[in-house]
Amino acid sequence: MRKDDSAQPMYLDRSFTELVEGETELAEIRRSYVSRSRTERAKAADWNYHAAAAGSLFNQALARIGQKGIGPTDWPDGYVALAIDPDYAPGLLTVASIEYQLKRISEAMKLFFRLLSLPKETEDLIVIIDKAGDFLIGEKDLPNGRAFYAAACESFPRVPVFYDGLGYCCGKQGQHQEAIAAHRRALDLEPGSHKWLNDLGFCLMEAKEYPEALAVLERAAALAPADYARARNNLARLREVLARQRHKQ
């Protein structure tokens with residue numbers, strides 16, 4: 001799609017899937033790379049994704065493998081990269097986020113969930129999946145955030161940050177026992193983590209399980225470095241709650 005001030009960008013009213021399967025520049029790009037090896041697609045997608053800093057180098061790379069340079073386009077970030085390689089994780093994250101902001105929630109979630117089926121050795125995959133969950137939390141879409149993190153826990157059962165994200169979504173929806181269970185699992189996977197201790201302690205406090213919350217937050221505060229104030233703040237808050245309870249008795 002070349003820049004044309006007289007036409008509304010196609011991505012505003014057509015999903016990425018529709019564009020890449022239709023008669024568009026994105027579809028042409030997808031077809032031109034479909035027979036390439038996974039390594040070639042991944043390299044070309046990565047070049048394009050960082051094209052703002054290396055646009056000319058990207059086109060030179062295309063020329064070396066017999067492909068015509070894509071040149072300037074007005075597709076949003078990530079669209080061309082994901083057209084080149086449908087398994088390009090940063091492109092999936094970026095395009096899904098754009099689809100979500102354009103209110104195509106179902107399309108966005110399909111793209112987010114595709115991240116969970118990528119090869120486990122995909123570069124930065126854990127970080128990218130967590131960013132997808134954080135995006136949904138930032139959008140205050142806790143039901144989809146919960147579903148996404150729950151699926152991430154199933155796909156990656158030994159990654160504590162996914163259980164922590166699941167626990168956060170559950171807790172914010174008032175599902176305290178589910179949240180506590182998720183935070184306990186994160187701590188089981190990484191014992192002694194001041195972050196997981198803090199989050200478990202906060203969740204226990206929200207569930208009004210004060211004795212255990214106090215013990216957990218005291219441990220979190222003791223282990224936390226000087227620049228991590230959450231555990232100490234939550235501990236101080238809990239002590240205030242306990243002091244008010246004693247005063248009422």
Could you tell me how many degrees, from 0 to 90 and to the nearest 10, lie between the Cα long axis of helix 125-138 and the main elongation axis, the longest principal axis, of the Cα atoms of the chain?
70
Putting +1 on Lys and Arg Cβ atoms and -1 on Asp and Glu Cβ atoms, find which of Leu204, Leu125, Gly174 reaches farthest to the positive end of the dipole of the chain.
Leu204
Vicinal HN-Hα couplings computed from phi for the range 29-37 (Karplus, 6.51 cos²θ - 1.76 cosθ + 1.60; Hz; Gly/Pro x)
5, 4, 5, 6, 10, 4, 8, 6, 5
Residue order, fewest to most surrounding Cβ atoms within 10 angstrom, among Thr39, Thr94, Thr24:
Thr39, Thr24, Thr94
Percent relative contact order of the chain, based on C-alpha pairs within less than 8 angstrom and at least six residues apart?
10
Taking the Cα atoms only, what angle lies between the long axis of helix 160-172 and the longest principal axis of the chain, rounded to 10 degrees?
70
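Which ordering of Asp164, Asp227, Asp188 is given by a fewest-first count of other beta-carbon atoms within 10 Å?
Details: Asp164 24, Asp227 5, Asp188 12.
By the 10 Å Cβ count, ascending: Asp227, Asp188, Asp164.
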How far, in degrees from 0 to 90, does helix 38-49 lean away from the longest principal axis of the Cα atoms of the chain, to the nearest 10?
80
Going by average Cβ neighbours within 10 Å, how do the peptides 138-145, 86-93, 169-176 rank, with the highest at the top?
86-93, 169-176, 138-145
Using θ = phi - 60° and the Karplus form 6.51 cos²θ - 1.76 cosθ + 1.60, what ³J(HN,Hα) does each residue of the range 173-180 get, whole Hz, x for Gly and Pro?
9, x, 8, 5, 5, 5, 5, 4
With only Lys, Arg, Asp and Glu charged, each at its Cβ (+1 for the first two, -1 for the last two), find how big the charge dipole of the chain is about the Cα centre; round to the nearest 20 debye.
700
When Ser117, Ser15 are ordered from fewest to most other Cβ atoms inside 10 Å of their Cβ, what list results?
Ser117, Ser15
Which of Lys172/Lys195; Lys110/Lys140; Lys103/Lys208; Lys131/Lys172 have a Cα-Cα distance over 29 Å?
Lys103/Lys208
What do you get when you divide the Cα radius of gyration of the chain by 2.2 N^0.38 Å, with N the number of residues?
1.28
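None of the figures in this text is laboratory data; all of them are computed from the coordinates on show. The model shown is predicted, which means the values in this text are computed figures rather than measured ones. Using ideal geometry, Cβ is built from the backbone for each residue, glycine included, and neighbour counts are taken over all protein chains shown.
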